[in-house]
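Visitor: Starting off with a structure, shown below.
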Amino acid sequence: MFRLLKKLGKKQLIYALICVLFISVNVYLELKIPDYMSEITILVQTEGSKMSEILHEGVYMMLCALGSLIASFIVGYFAANVAAYFGKITRKSIFEKVGKFSTEEIKAFSTSSLITRTTNDVTQVQMLIGMGLQAMIKAPIMATWAIVKITGKNLPWSLATLVGVLVLLVTIVVLMTIVFPKFKIVQKLTDNLNRITRENLTGIRVIRAFNAENFQQKKFENANEELKNVQLFNQKTMGILSPVMSLVSSGLSLSIYFIGAILINQANLMDKITLFGDMVVFSSYAMQVLMSFMMLIMIFIIYPRASVSAHRILEVLDTEEHIKDGKKEDGFEIGTVEFKNVSFKYPDADEYILENVSFRANKGEVVAFIGSTGSGKSTLINLIPRFYDATSGEILVDGVDVKDYKLESLYNKIGYVAQKAVIFRGTVKDNVAYGNNGKSKPNLTKIKDAVRVAQATDFVEKMTNKYDASIAQSGTNISGGQKQRLAIARAIARDPEIYIFDDAFSALDYKTDFILRKELKKYTKNATILIVAQRIGTIKDADKILVLDEGKVVGIGTHKELLKNCQIYKEIALSQLSQNELEGE
């Protein structure tokens, strides 16, 4: 928790000190009120007292109350500012940290958990800071000050106050011991509920197509019920505090007045007036002590969950990234990619996905990868932008090991189109120009060229506002093929040295696929193109084709060479084209 508080800037620390100052003022003024009450009580019972004297004390009492109110407003304002800043800077830190994570780290936490940690967990700690600056500072100051005020006043009254405080403390310790472990479970169950909700929203079409609404509903209800039961247990357990506080508060007041009645009954006339005034003051101060502990109790109700949330936030911030940034910004060559005996297996996996893969792609070449499902095609090209690091061997881009590059420099060399087209909320222009990272104003001519090459001009020009047409989140207002073409246009608009297409033509019809590749070859004649594909038609014109089978390269060459020399490639080709079509090529 304290490590997270280090994120507060100097300005916020000054605000926190202002809070402490005005809390002290607030406590001082609140504790002066019983003194004026005592004076008024004595004046009312003393013969010969003037109304002006009573009003004089009353005015001071009202000024103290007003001053206390103003101090409370100031404390609330600055405490809210500090808490809001903490929330902002912590969310930013988590967002930036997650942005540096490789696929391995993201999978380790899960997307739903990372979302919960960025939102719900930060809010829990933020609430603690907002209330803590007011209650956690005010309570001990007020309790200490009030105890000093009543010390030595009257032993029986002091003992009654001590008993009340001890009852509260014992209750808090017992409840905290029971409830604290449950708050850890609450956050995990919240992650689970978020995961199910997210699955339901993203997979709504599949769920409806398979009439699985009831199944999903049961999954959600089970997760929701489990979370409800734990929350209900926590709330019921912590709910014991309220009647205990009321019992202690009422019991303490009753004890003080009962003891006071006995003492006043035994005293002479002059001492009766003094004792009555002391009883009023002691009762007020005793309530202040009790209220201080009640404020602390409110913090203790929030603290367990906030503590768990702080730990979960630190888990993210303390995670060491496996993909380390290098130092080099450029290579010795241009547009080359070379694999040297590269093997790869996923973290904690026993079997290798890729084994001893070696090949070289030179500037201007088109290199394609084909193989059965699960042969390691996508895994292979995902090692180039370091979504994972190779387990063994070397991957060179422009003659330099990818591990030695600054990640920003490496990414600037690559135009990447994922297997699943990712489209962002915004406009067509924003999505196509995404590769400039907002560093410069999008060049409309460049955008139009990229859209034309990607064969997207026909549908973009028909949209309302054309290149300024609105695209919904995840591209839900356009088709799969349209999304894929915009994703391809985004890579083209970047003018990279190396293009990586991870099965990026799968949603296109054969005609569009053929025309797009033809235009792409003209537009990117000086760039290196790496293509993963399932269709023979997509890759048969490639300069070099690698055939993968169970993570191993079983064939390498041109389309015609592989038809003669690689049985697996021939089987794939025959599954898509007839013998006559192959012989006629």
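Visitor: Between the range 63-89 and the range 491-540, what's the alpha-carbon centroid distance in Å?
Guide: A separation of 60 Å, based on Cα centres.
Visitor: Further question: List the extent of the Cα atoms of the range 2-318 along each of their three principal axes, largest first, rounded to whole Å.
Guide: Rounded to whole Å, the extents work out to 90, 41, 31 Å.
Visitor: A further question on this structure: How large is the Kirkwood hydrodynamic radius of the range 256-358, counting all unique pairs of alpha carbons, in Å? Intermediate results must be reported in sequence, preceding the final value.
Guide: On the way: mean 1/r = 0.0450 Å⁻¹.
Kirkwood radius, the range 256-358: 22.2 Å.
Visitor: Would you mind ranking Ser246, Ser112 so that the residue whose beta carbon has the fewest other beta carbons within 10 Å leads the list?
Guide: Numbers: Ser246 10, Ser112 18.
Exposure proxy ranking, most exposed first: Ser246, Ser112.
Visitor: Report Rg/Rh for the range 420-495, rounded to two decimals, where Rg is the Cα radius of gyration and Rh the Kirkwood radius. Display every interim value, and only then the final one.
Guide: Working: Rg = 10.8 Å, Rh = 11.9 Å.
Answer for the range 420-495: 0.91.
Visitor: Shifting gears a bit: Taking other Cβ within 10 Å of each residue's Cβ, how do Phe359, Phe344 sort, fewest first? Mind showing how you got there, number by number?
Guide: Working: Phe359 16, Phe344 23.
Ranking Phe359, Phe344 by Cβ neighbours within 10 Å, fewest first, gives Phe359, Phe344.
Visitor: Give a quick list of GluC sites (Glu not before Pro) in the range 283-371 that DSSP marks as loop, anything other than H, G, I, E or B, with at most 13 other Cβ atoms within 10 Å.
Guide: On the way: sites: Glu315, Glu320, Glu321, Glu329, Glu333, Glu338, Glu351, Glu355, Glu365; in loops: Glu320, Glu321, Glu329, Glu333, Glu351, Glu365.
Those satisfying the criteria are Glu320, Glu321, Glu329, Glu351.
Visitor: To make sure I understand, if each residue's beta carbon is the centre and we count other beta carbons within 10 Å, what order do Ile313, Ile70 fall in, fewest to most? Display every interim value, and only then the final one.
Guide: On the way: Ile313 24, Ile70 13.
Lowest to highest Cβ neighbour count: Ile70, Ile313.
Visitor: Please list, by residue number, every one of the GluC sites (Glu not before Pro) in the range 9-113 that is coil in DSSP and has at most 15 other beta-carbon atoms within 10 Å. If you can, show how the numbers build up before the last one.
Guide: Working: sites: Glu30, Glu39, Glu47, Glu53, Glu57, Glu96, Glu104, Glu105; in loops: Glu47.
Listed in order of number, the matching sites are Glu47.
Visitor: Tell me, Kirkwood radius of the chain from alpha-carbon pair distances, in Å? If you can, show how the numbers build up before the last one.
Guide: Details: mean 1/r = 0.0331 Å⁻¹.
Here the Kirkwood hydrodynamic radius works out to 30.2 Å.
Visitor: Once whole DSSP H runs in the chain are found, which of them have Cα atoms spread over 24 Å or more along the helix axis and a mean Kyte-Doolittle score of at least -0.5? Mind dumping the intermediate values first?
Guide: On the way: long enough: 10-45 (54 Å, 0.98); 51-100 (73 Å, 0.75); 122-150 (40 Å, 1.19); 155-202 (68 Å, 0.99); 213-239 (37 Å, -1.42); 241-266 (37 Å, 1.40); 269-318 (70 Å, 1.16).
TM-like helix candidates: 10-45, 51-100, 122-150, 155-202, 241-266, 269-318.
Visitor: While we're on this one: Cross-link list Lys446/Lys560; Lys88/Lys403; Lys462/Lys518; Lys97/Lys525: which exceed 27 angstrom alpha carbon to alpha carbon? If you can, show how the numbers build up before the last one.
Guide: Numbers: Lys446/Lys560 36 Å; Lys88/Lys403 33 Å; Lys462/Lys518 24 Å; Lys97/Lys525 38 Å.
Going by Cα-Cα distance, Lys446/Lys560; Lys88/Lys403; Lys97/Lys525 fall outside the 27 Å limit.
Visitor: Indicate, rounded to the nearest 5 percent, the antiparallel portion of the DSSP beta bridges found entirely in the chain.
Guide: DSSP beta bridges in the chain are roughly 50 percent antiparallel.
Visitor: Could I ask something else about it? Counting other Cβ atoms within 10 Å of each Cβ, which chymotrypsin sites (Phe, Trp or Tyr not before Pro) in the range 208-239 have at most 14 and sit in a DSSP loop?
Guide: Values: sites: Phe210, Phe215, Phe220, Phe233; in loops: Phe210.
Hits after loop and neighbour filter: Phe210.
A short reminder: the numbers here are calculations on the coordinates, not readings from a lab. Values in this document were obtained by computation on a predicted structure and should not be read as measured data. Virtual Cβ from ideal backbone geometry, glycine too; neighbours counted across all protein chains shown.
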